[in-house]
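The values are calculated or read from the model by the stated rules, or taken from the named source; none is laboratory data. Given the structure is predicted, the values throughout are model-derived calculations rather than measurements. Glycine also receives a Cβ, built like all others from the backbone with ideal geometry; neighbour counts cover every protein chain displayed. Side chains are part of the model used for accessible areas, which takes the heavy atoms of the whole protein and leaves out ligands, DNA and RNA. Shrake-Rupley method; radii C 1.70, N 1.55, O 1.52, S 1.80 Å.
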Amino acid sequence: MEPLLNIEDLSVDYTHGGMEIPAVRQVSLAVAARESVGIVGESGSGKTQVFMAAMGLLAANAAVRGRVRFEGGDILGVGAESLNRVRGSKLTMVFQDPMTSLTPHLTIGTQLAEVLVCHAGRSWREARNAARHMLDRVRVPEPERRMSQYPHELSGGLRQRVMIGMSLLCEPLLVIADEPTTALDVTVQAHIIDLLGTMRRELGMALVLISHDLGVVAGLTDRILVMYAGRIVESAGAAELFQQARHPYTAELLKCIPSLTGPRQQRMPTLLGQPPRPGDPDEGCAFAPRCARAAPRCRTVRPPLEDAGGSAHRVACHFPLPS
Ligand SMILES: Nc1ncnc2c1ncn2[C@@H]1O[C@H](COP(=O)(O)OP(=O)(O)OP(=O)(O)O)[C@@H](O)[C@H]1O
Ligand SMILES: [Mg+2]
């Protein structure tokens, strides 16, 4: 059976200042119905662009190649009208900054209700009732009062709850949450992650959770994909990845999870070196210049990648870490 979301050989290139910036390179990934998948990787590794491409939300200076299918139908390159049949209803996205994702001059109630009026053909009265109910479900206190408030009147955490509620209004099959907690106070982050987990259990939708932070995705996802320099370098079950990383880059990311124990200078380790820059040669393993295990052929040969999916490993490393 075809997975719910099937991305095949997706590449995104930007042209900026006369330069070509390869943001996503030949990414293939699949998300099954009800599955929860984490996407991790350093800033600039292409995590957001993969899903912006899938949602048809790329900037005008982007060129995209490949295939994206949702519920068996192509959604890449189709017109806005066809895309809007799934986007915003069956396939939704929660962004990092809830302040910029909400419209500042519309009340919370109007913004939520509008989703149901536009995507589900509900009357305004029905839509407002459903919106109030959703605010309650995503644990926004005093939902009636919040309905008539504007985004700036809510705290960051409450705004993100509203955004999550908005993404769930049409009972989506897949929610893509892109760094949903990064803009929030650390004390609020855990509540939002907890809310996403609860809503997923209650509504049974599939979830893609994008984050820099392996710790954040670990508890909430079944499978984790690791991206580096626009490519997926490893895919594994969440528990498996923590027990046994197969790619040196993943192993380094795991070392970067902050710890409260050990000598103070080792509690927040950082990854050494920089990812490749646009214009650097695209040969061999992109991580080789930063990799302690790299051998001469790592810089020239890139092994063919096998299909990701289920708990199958997908390792683009000549010398996987020993078991
Ligand atoms: N409009 C644009 N014009 C040019 N380059 C862009 C544009 N948008 C994104 N890029 C480039 O695409 C690459 C991948 O960006 P992307 O936003 O997917 O990274 P990310 O992994 O989501 O990073 P972060 O963790 O910081 O959100 C980056 O090198 C970025 O500079
Ligand atoms: Mg991003």
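Just to verify a result, which residue in segment 13-26, among those that are within 12 Å of ligand 1 (Cβ to nearest atom) and touching a residue at least 60 places away in the same chain (Cβ under 8 Å), is most open to solvent (accessible area, probe 1.4 Å)?
20
Against the definition (surrounded by fewer than 22 Cβ atoms within 10 Å (Cβ to Cβ) and touching a strand residue (DSSP E or B) at 6+ places or on another chain (Cβ under 7 Å)), how does residue 194 come out, yes or no? Explain how you work it out, then say what you get.
On the way: surrounded by fewer than 22 Cβ atoms within 10 Å (Cβ to Cβ): yes; touching a strand residue (DSSP E or B) at 6+ places or on another chain (Cβ under 7 Å): no.
It is false that residue 194 is surrounded by fewer than 22 Cβ atoms within 10 Å (Cβ to Cβ) and touching a strand residue (DSSP E or B) at 6+ places or on another chain (Cβ under 7 Å).
Give the residue, chosen from 103, 92, that is open to solvent by less than 40 Å² (accessible area, probe 1.4 Å) and either not basic (Lys, Arg) or not in a loop (DSSP other than H, G, I, E, B) (or both). Can you show your working first?
Details: 103 fails: open to solvent by less than 40 Å² (accessible area, probe 1.4 Å).
None of the other options fit; the residue is 92.
Answer with yes or no whether residue 30 is over 18 Å from residue 247 (Cβ atoms), within 14 Å of ligand 1 (Cβ to nearest atom) and either within 14 Å of the chain's Cα centre (by Cα) or open to solvent by less than 40 Å² (accessible area, probe 1.4 Å) (or both). Walk me through it before giving the result.
Working: over 18 Å from residue 247 (Cβ atoms): yes; within 14 Å of ligand 1 (Cβ to nearest atom): no; either within 14 Å of the chain's Cα centre (by Cα) or open to solvent by less than 40 Å² (accessible area, probe 1.4 Å) (or both): yes.
So residue 30 does not fit the description; no.
Exactly one of (1) surrounded by fewer than 16 Cβ atoms within 10 Å (Cβ to Cβ); (2) basic (Lys, Arg); (3) modelled with pLDDT under 95; (4) in a strand (DSSP E or B) is unmet by residue 85. Its number?
Residue 85 satisfies every listed condition except (4).
Please determine, by comparing only the residues of segment 114-173 that are within 25 Å of residue 208 (Cβ to Cβ) and of a type in the set (Gly, Ala, Ser), which one is farthest from the chain's Cα centre (by Cα). Explain how you work it out, then say what you get.
Step one: list which residues in segment 114-173 are within 25 Å of residue 208 (Cβ to Cβ), which gives 114-116, 118-120, 130-131, 134-135, 137-140, 151, 156-173.
Pick out the ones that are also of a type in the set (Gly, Ala, Ser) and you get 120, 130-131, 156-157, 165, 167.
Numbers: 120: 25, 130: 27, 131: 25, 156: 20, 157: 19, 165: 17, 167: 14 Å.
That would be 130.
Being more than 7 Å from ligand 1 (Cβ to nearest atom) and surrounded by fewer than 17 Cβ atoms within 10 Å (Cβ to Cβ), is that true of even one residue in segment 34-52?
yes
Between 241, 220, 209, which is touching a Gly at 6+ places or on another chain (Cβ under 7 Å) and more than 30 Å from residue 117 (Cα to Cα)? Before you say what the answer is, go through the steps one by one.
Numbers: 241 fails: touching a Gly at 6+ places or on another chain (Cβ under 7 Å); 209 fails: more than 30 Å from residue 117 (Cα to Cα).
Result of the check over 241, 220, 209: 220.
Could you tell me whether residue 182 is outside any helix (DSSP H, G or I) and either modelled with pLDDT of 95 or more or among the polar types (S, T, N, Q) (or both)?
Numbers: outside any helix (DSSP H, G or I): yes; either modelled with pLDDT of 95 or more or among the polar types (S, T, N, Q) (or both): yes.
Criteria met by residue 182.
If you take the residues in segment 64-75 that are open to solvent by less than 40 Å² (accessible area, probe 1.4 Å) and assigned to a loop (DSSP other than H, G, I, E, B), which one is farthest from residue 5 (Cα to Cα)?
Per the stated criteria, the residue is 75.
Just wondering, is there one or more residues in segment 71-89 that are within 16 Å of ligand 1 (Cβ to nearest atom) and among the small types (Gly, Ala, Ser)?
no
Given the options 183, 206, name the one that is in contact with a Pro (Cβ under 9 Å, 6 or more places away or on another chain), within 16 Å of ligand 2 (Cβ to nearest atom) and not polar (S, T, N, Q).
Details: 206 fails: within 16 Å of ligand 2 (Cβ to nearest atom).
When all the criteria are applied, what remains is 183.
What is the number of the single condition among (1) within 13 Å of residue 208 (Cβ to Cβ); (2) more than 13 Å from ligand 2 (Cβ to nearest atom) that residue 40 does not meet?
If we test residue 40 against (1) within 13 Å of residue 208 (Cβ to Cβ); (2) more than 13 Å from ligand 2 (Cβ to nearest atom), just (2) comes out false.
Within segment 132-144, can one find any residue that is part of a helix (DSSP H, G or I), open to solvent by less than 80 Å² (accessible area, probe 1.4 Å) and in contact with a His (Cβ under 9 Å, 6 or more places away or on another chain)?
Initially, segment 132-144 is screened for residues part of a helix (DSSP H, G or I), giving 132-137, 143-144.
Filter once more, so that each one left must be open to solvent by less than 80 Å² (accessible area, probe 1.4 Å): 132, 134-135, 137, 143.
Subset that is in contact with a His (Cβ under 9 Å, 6 or more places away or on another chain): 143.
Scanning segment 132-144 turns up at least one residue that is part of a helix (DSSP H, G or I), open to solvent by less than 80 Å² (accessible area, probe 1.4 Å) and in contact with a His (Cβ under 9 Å, 6 or more places away or on another chain).
Of all residues in segment 277-291, which are on the phi > 0 side of the Ramachandran plot and open to solvent by less than 40 Å² (accessible area, probe 1.4 Å)? Quick ask: steps written out before the conclusion?
Narrowing segment 277-291 to residues on the phi > 0 side of the Ramachandran plot: 279, 284.
Of everything in segment 277-291, just one residue is on the phi > 0 side of the Ramachandran plot and open to solvent by less than 40 Å² (accessible area, probe 1.4 Å), namely 284.
Give segment 255-280 a look and list any residue that's modelled with pLDDT of 70 or more and either touching a helix residue (DSSP H, G or I) at 6+ places or on another chain (Cβ under 6 Å) or within 20 Å of residue 17 (Cβ to Cβ) (or both), or say none.
Answer for segment 255-280, where residues must be modelled with pLDDT of 70 or more and either touching a helix residue (DSSP H, G or I) at 6+ places or on another chain (Cβ under 6 Å) or within 20 Å of residue 17 (Cβ to Cβ) (or both): 257, 271, 273, 274, 275, 276, 277, 278, 279, 280.
Could you identify the single residue in 58, 112 that is outside any strand (DSSP E or B) and near ligand 1 (Cβ under 9 Å from one of its atoms)? Spell out the reasoning first.
Details: 112 fails: near ligand 1 (Cβ under 9 Å from one of its atoms).
Going through 58, 112 in turn, just one is outside any strand (DSSP E or B) and near ligand 1 (Cβ under 9 Å from one of its atoms): 58.
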